[in-house]
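Below: one structure, written as structure tokens.
The values are calculated or read from the model by the stated rules, or taken from the named source; none is laboratory data. Bear in mind the structure is a predicted one, so any value in this text is a computation, not a measurement. Positions of Cβ are generated from backbone atoms using ideal geometry, with glycine treated the same way; all protein chains shown enter the neighbour counts.
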Amino acid sequence: MKIDFKSLILFENEDFLVANKPPFIASLEDRNSNVNLQLLAKQYNEELSACHRLDKETSGCLLFAKTAEAYRHASIQFEKRTVDKVYHAFVNGLQDFKDLKVELPILSLNKGSVVIDFNGKPATTVFNTIEVYKKHSLVECRPETGRMHQIRIHLSKKGAPIINDPLYQGEALYLSQIKKRYNIGKYEEEQPLIKRFALHAYSLGFNLMNGERVSVEAPYPKDLKVLHKQLQANKY
């Protein structure tokens, strides 16, 4: 998979760069793959360092710093929770979230998954429904903390698991489930509408070195555009 890093850039100045991470590529070094966004970033500019990470399947805004000072400036904002992180999740079920604040502590397991456990670390996410379809919903997610798999497990615990996220009870979605008179070829096996969990880091708001506030939005990648279009087209 050949990726042109320059085509992913959403914002760039002398201190920071925000890239639109494609799905199925790790943010940082990954023992299961020789390609990651940090490596591609360094090939574009060897000074770039990722300030946070996204799950491999998650697409969207990823912030890089160009200097040690800029990296420290971003790290303090993440630590103080002054970075505005907005995710879009396509979830199972008809949801009506209006500033729903979920505060459930998260404990990481050795197997690369998490559970809700009161011995875990505090975690807070705010949810708002954006659109409702026939049997699914599009939800805006604002994590106030940055725990592993936070959005995924918080949504699952509220009866709104992300589409195609089997780790947290999210069922796959097939076109035949939502499109009337959908016919598949006799010898074909129907594939899910999206082959990853449907989560996207939609926007990132942070302060530049001079204190100016910027907010960067990442357009959906192709697979999410297709999913969104089909859900809207087969709404009723």
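Figures for the structure shown
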item: Residue list for the range 148-163, restricted to those being farther than 14 Å from D96 by Cα and touching a Pro at 6+ places or on another chain (Cβ under 7 Å); result: Q150, I151
item: Odd one out for G159, checked against (1) touching a Gly at 6+ places or on another chain (Cβ under 7 Å); (2) within 24 Å of P23 (Cβ to Cβ); (3) touching a residue at least 60 places away in the same chain (Cβ under 8 Å); result: (2)
item: Within the range 1-24, considering residues that are more than 13 Å from C61 (Cα to Cα) and either touching a Cys at 6+ places or on another chain (Cβ under 9 Å) or of a type in the set (S, T, N, Q) (or both), the one surrounded by the most Cβ atoms within 10 Å (Cβ to Cβ); result: N13
item: Residues within the range 152-209 that are surrounded by 21 or more Cβ atoms within 10 Å (Cβ to Cβ) and among the polar types (S, T, N, Q), tallied; result: 1
item: Residues satisfying the stated conditions in the range 25-41, i.e. in contact with a strand residue (DSSP E or B) (Cβ under 9 Å, 6 or more places away or on another chain), surrounded by fewer than 16 Cβ atoms within 10 Å (Cβ to Cβ) and either modelled with pLDDT of 95 or more or farther than 15 Å from D4 by Cα (or both); result: L28, E29, D30, N32, S33
item: The range 1-15 - residue that is among the hydrophobic types (A, V, I, L, M, F, W, C) and within 20 Å of the chain's Cα centre (by Cα) and, of those, farthest from K66 (Cα to Cα); result: I3
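Residue-by-condition table, conditions (1) farther than 26 Å from N164 by Cβ; (2) among the polar types (S, T, N, Q); (3) under 19 Å from the mean Cα position of the chain (by Cα):
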| position | (1), (2), (3) |
| --- | --- |
| F24 | no, no, yes |
| S33 | no, yes, no |
| E46 | yes, no, no |
| D55 | no, no, yes |
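Residues checked against (1) farther than 20 Å from Q230 by Cβ; (2) at pLDDT below 95:
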residue	(1), (2)
N119	yes, yes
F127	yes, no
H136	no, no
I153	yes, no
K158	yes, no
I163	no, no
I184	no, yes
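Residues are listed down the side, and each one gets a yes or a no for (1) in contact with a strand residue (DSSP E or B) (Cβ under 6 Å, 6 or more places away or on another chain); (2) over 22 Å from F78 (Cβ atoms):
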site: K135; (1), (2): no, yes
site: V139; (1), (2): yes, yes
site: G146; (1), (2): no, no
site: I151; (1), (2): yes, no
site: S156; (1), (2): no, yes
site: G159; (1), (2): no, yes
site: Y168; (1), (2): no, yes
site: E171; (1), (2): yes, yes
